[in-house]
Amino acid sequence: MEIFDQVDKLIEEIKAYPVNNAEELEKFRIQYLGTKNSIKPVFGLIKDVPNERKKEFGQKVNEAKQTAEEKFRNHQTSLKSAGRSDKYKTFDPSLPMDGEWEGSRHPVSLVMNRMIQVFEKIGFEVAEEREIEDDWHNFTAMNTPEDHPARDMQDTFYLKGSDKMLLRTHTSSVQARVMTTQKPPIRIIAPGRVYRNETISARSHCQFHQVEGLYIDKNVSFADMKQTLLYFARELYGAKTEIRLRPSFFPFTEPSAEMDVWLGTDTEATKRLTKGTGWLEVLGCGMVDPNVLKNCDIDPEVYSGFAFGIGIERSAMQKFEIKDIRLLFENDLRFLKQFSSAT
Ligand code: DAH
């Protein structure tokens, strides 16, 4: 029947209609879906269709309408995504920023980088090592006896199903890594993350950062260590800073000491930080124990050295007046945005 052929022709026409851009799509829309579209009058032809075929005719015209709608939708979506990729194509990375936040350094990185800078100035080189360590480098080489409490499951994170592999509990493990692979003179600092099985609170966390220092050469003395640490303290806390070394104990150094810097008790903050004493505990240090040198195949009759380990979080918290250590590990942008992007 001729009227039916007319609808078939219309469907073919809709399918063949060229749509290559937004302009053509709009023309298509007006032509087939607009208020004066060319499908509507075809609906009107139904009056000339015999009753028994009216339903069939109606369905056919609907098919034409659906074909037009579907074609329109498909082209609309693909034009949209093409628009997006066009935008990327014309993205120019050399244009100035549009004022959005450019990111910032984490307070721990700021303090750590500053410490690295200070030691690099006097010839220390950065040595970075693994966080998953073996028991030998973390404990045995560092002269920590088998029954030392630090080796306990309660204090150290061991890897599942292993009593030998662990998350390093201190950056001192890097000392063993370096001494077994390099010949003296050795002058390194090892910044990095360490782990301990501690209950998390405002003051302690199961992860934190340290900067380890190691200097091995012929005739290295305790006085050399003291001078180096005084230089460090003055760079970090100001030219007039005084330090004191208190006798202490670490398995890997003999003698061992803890270093405090004088902050005074002039302000409420320094009083609180130093628990009223004026002295802030900053690091542990000492002369490398001859056993450690022997463990790493370095002759203690020929070489001596000093080592130190600095905790980063406490310094960062003091410098930026952060009251809760957990803030340093939560990655809350409201917190992080307050810091600078400088190195
Ligand atoms: N490893 C010690 C700790 O985590 C810190 C330390 C003390 C490192 C004395 C040293 C050192 O190199 O000589 O508590």
Exercise. Determine the pairs where a residue that is farther than 11 Å from LYS71 by Cβ, located within segment 26-42, has a partner that is among the β-branched types (Val, Ile, Thr) and open to solvent by less than 80 Å² (accessible area, probe 1.4 Å) with Cβ atoms under 8 Å apart, the partner being 6 or more residues away or on another chain.
Key: ILE39/VAL61; VAL42/VAL7; VAL42/VAL61
Quiz item: Quick one: ARG314 ticks every box in (1) within 16 Å of the ligand (Cβ to nearest atom); (2) modelled with pLDDT of 95 or more bar one, so which box is it?
Solution: (2)
Exercise. Among the residues of segment 20-36, write down those that are open to solvent by less than 20 Å² (accessible area, probe 1.4 Å) and either in a loop (DSSP other than H, G, I, E, B) or more than 22 Å from LYS80 (Cβ to Cβ) (or both).
Key: GLY34
Quiz item: If you scan segment 210-244, which residues turn out to be modelled with pLDDT under 95 and either aliphatic (A, V, I, L, M) or within 16 Å of the ligand (Cβ to nearest atom) (or both)?
Solution: LEU236, ALA239
Exercise. Go through segment 163-193 and give me each residue that's within 13 Å of the ligand (Cβ to nearest atom), closer than 24 Å to ASP147 by Cβ and not hydrophobic (A, V, I, L, M, F, W, C).
Key: ARG168, THR169, HIS170, THR171, SER172, SER173, GLN175
Self-check item: Search result, residues across segment 256-266 that are away from the ligand (no atom under 12 Å from the Cβ) and in contact with a Lys or Arg (Cβ under 7 Å, 6 or more places away or on another chain)
Solution: ASP260, THR265
Quiz item: HIS137 versus (1) touching a Leu at 6+ places or on another chain (Cβ under 8 Å); (2) within 14 Å of the ligand (Cβ to nearest atom): which is the lone unmet condition?
Solution: (1)
Quiz item: Mind checking whether some residue in segment 123-139 is within 30 Å of ARG234 (Cβ to Cβ), open to solvent by 70 Å² or more (accessible area, probe 1.4 Å) and assigned by TED's automatic domain parsing to the domain that holds LEU214?
Solution: yes
Quiz item: Among the residues of segment 315-343, how many are free of Cβ contacts under 8 Å to residues at least 12 places away in the same chain and of a type in the set (D, E, K, R)?
Solution: 3
Exercise. Report, ordered by the first and then the second residue, all pairs with beta carbons closer than 6 Å, sequence separation of six or more or different chains, a first member in segment 193-221 that is among the β-branched types (Val, Ile, Thr), and a second member that is open to solvent by 20 Å² or more (accessible area, probe 1.4 Å) and in a strand (DSSP E or B).
Key: VAL194/GLN210; VAL220/SER304
Practice problem: Name the residue, out of ARG168, ARG196, ARG151, ARG203, that is touching a helix residue (DSSP H, G or I) at 6+ places or on another chain (Cβ under 9 Å), over 21 Å from VAL111 (Cβ atoms), surrounded by 13 or more Cβ atoms within 10 Å (Cβ to Cβ) and in the same structural domain as ARG314 (by TED's automatic domain parsing). | Solution: ARG151
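Do you know which residues across segment 131-144 are part of a loop (DSSP other than H, G, I, E, B) and either without any contact (Cβ under 8 Å) to a residue 40 or more places away in the chain or in contact with a Pro (Cβ under 7 Å, 6 or more places away or on another chain) (or both)?
Of segment 131-144, the ones part of a loop (DSSP other than H, G, I, E, B) are 131, 141-144.
Hits for segment 131-144 are MET142, ASN143, THR144.
Within segment 249-266, can you find the residues that are under 35 Å from the mean Cα position of the chain (by Cα) and in contact (Cβ under 8 Å) with a residue 24 or more places away in the chain?
Across segment 249-266, the qualifying residues are PHE250, PRO251, PHE252, THR253, SER256, ALA257, GLU258, MET259, VAL261, LEU263.
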Quiz item: With (1) within 19 Å of LEU229 (Cβ to Cβ); (2) outside any helix (DSSP H, G or I); (3) more than 20 Å from the chain's Cα centre (by Cα) as the list, and VAL211 as the residue in question, which single condition is left unmet?
Solution: (3)
Quiz prompt | Subset of segment 214-237 [of a type in the set (Gly, Ala, Ser) and within 30 Å of the chain's Cα centre (by Cα)] | solution = ALA233
Quiz prompt | Close pairs (7 angstrom Cβ cut-off, 6 or more residues apart or separate chains): at negative phi and within 11 Å of the ligand (Cβ to nearest atom) in segment 267-288, open to solvent by 60 Å² or more (accessible area, probe 1.4 Å) and among the hydrophobic types (A, V, I, L, M, F, W, C) anywhere | solution = MET287/PHE222
Practice problem: With the checklist (1) within 16 Å of the ligand (Cβ to nearest atom); (2) open to solvent by 60 Å² or more (accessible area, probe 1.4 Å) in hand, flag the one item THR253 doesn't pass. | Solution: (2)
Exercise. Just name the residue that is farthest from ARG130 (Cα to Cα) out of those in segment 171-185 that are buried (at least 20 other Cβ atoms within 10 Å of the Cβ) and touching a residue at least 60 places away in the same chain (Cβ under 8 Å).
Key: MET179
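The values are calculated or read from the model by the stated rules, or taken from the named source; none is laboratory data. Since this is a predicted model, take the numbers as computed values, not measurements. No Cβ is skipped: glycine too gets one built from the backbone with ideal geometry, and neighbour counts run over all protein chains shown. What goes into the accessible areas is simple: the full protein's heavy atoms, side chains included, and nothing from ligands, DNA or RNA. Shrake-Rupley method; radii C 1.70, N 1.55, O 1.52, S 1.80 Å.
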